[in-house]
Amino acid sequence: MYTVDNWSFAVSQTRGIQYETVATVADALVGHGAKPEQISPYHIRQETGTGSLTTIGNHLKQWKLRSSRGVVPVNFSDDDLQTIIAIMTSKIEEAALRVRCEEAMNSKVLVADRERFQQENAEALRINDEIEAELEAAREKAKTHEEEVEKLRLTIARLEGKIAALTEMAEPSAAATPSIDDATPASEPVGQEVEDRPGSTFASRAMGDAAVSALKKYPPYCDEDSPPE
């Protein structure tokens, strides 16, 4: 129990205990360590030694309301209570509205973030598709180049085979071609008369024709120092 000493208050025998007396005692009790919610009409009655518990209770309610909300009129009435209730209701509604606005703002932020993420994701997918298309085109070009290289390799091999075959065919022909020495007897000059050569007239004529053909194919040099052009 909190005991308040060395203070005085006035109690009107006609009007009973006043609000100021109850408030003074309550403030003193708080100053000695009591909490407002712990102070009861009995505590005030014990300190003052007078007053109706009902009257003290009404004054104490006003004092507690003033302590929690600020200044409370001395002549507290039902209208004052309604006003305080209206103010508290307005404050509660304002707080609720503020919470709803914050939630709506947060919701808009979340929606904006989601839309931005979707746009960024769509852009990333578009870029990925472009890269895939470029890679596929590069693969197709590389495949085409490989096919062309293979065709060229086969063509070169085929041409080399033809060149080798033509070379083999040309070697026997060159070996079978008669030379000037083979066409003209060494013991006889080219201009010797046909009548002096041995053999029949047909053989002599054949030898002469062979010599003429050889001379046409392999004509002698016009100048001993320079070959024919």
Check: Taking segment 171-190 as the search range and keeping residues that are loosely packed, with under 10 Cβ neighbours inside 10 Å and among the aliphatic types (A, V, I, L, M), which one is modelled with the lowest pLDDT?
Finding: ALA186
Item checked: Some residue of segment 78-93 being at pLDDT 85 or above and either surrounded by 12 or more Cβ atoms within 10 Å (Cβ to Cβ) or among the charged types (D, E, K, R) (or both) -> yes
Margin query: Can you confirm whether THR83 is in contact with a strand residue (DSSP E or B) (Cβ under 9 Å, 6 or more places away or on another chain) and hydroxyl-bearing (Ser, Thr, Tyr)?
Written below: no
Next item on the list: Please work out if THR167 is exposed (fewer than 10 other Cβ atoms within 10 Å of the Cβ) and in a helix (DSSP H, G or I).
Entry: yes
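The values are calculated or read from the model by the stated rules, or taken from the named source; none is laboratory data. Small disclaimer: the values here were computed from a predicted structure and weren't measured. Note that we place each Cβ from the backbone using ideal geometry, even for glycine, and neighbour counts take in every protein chain shown.
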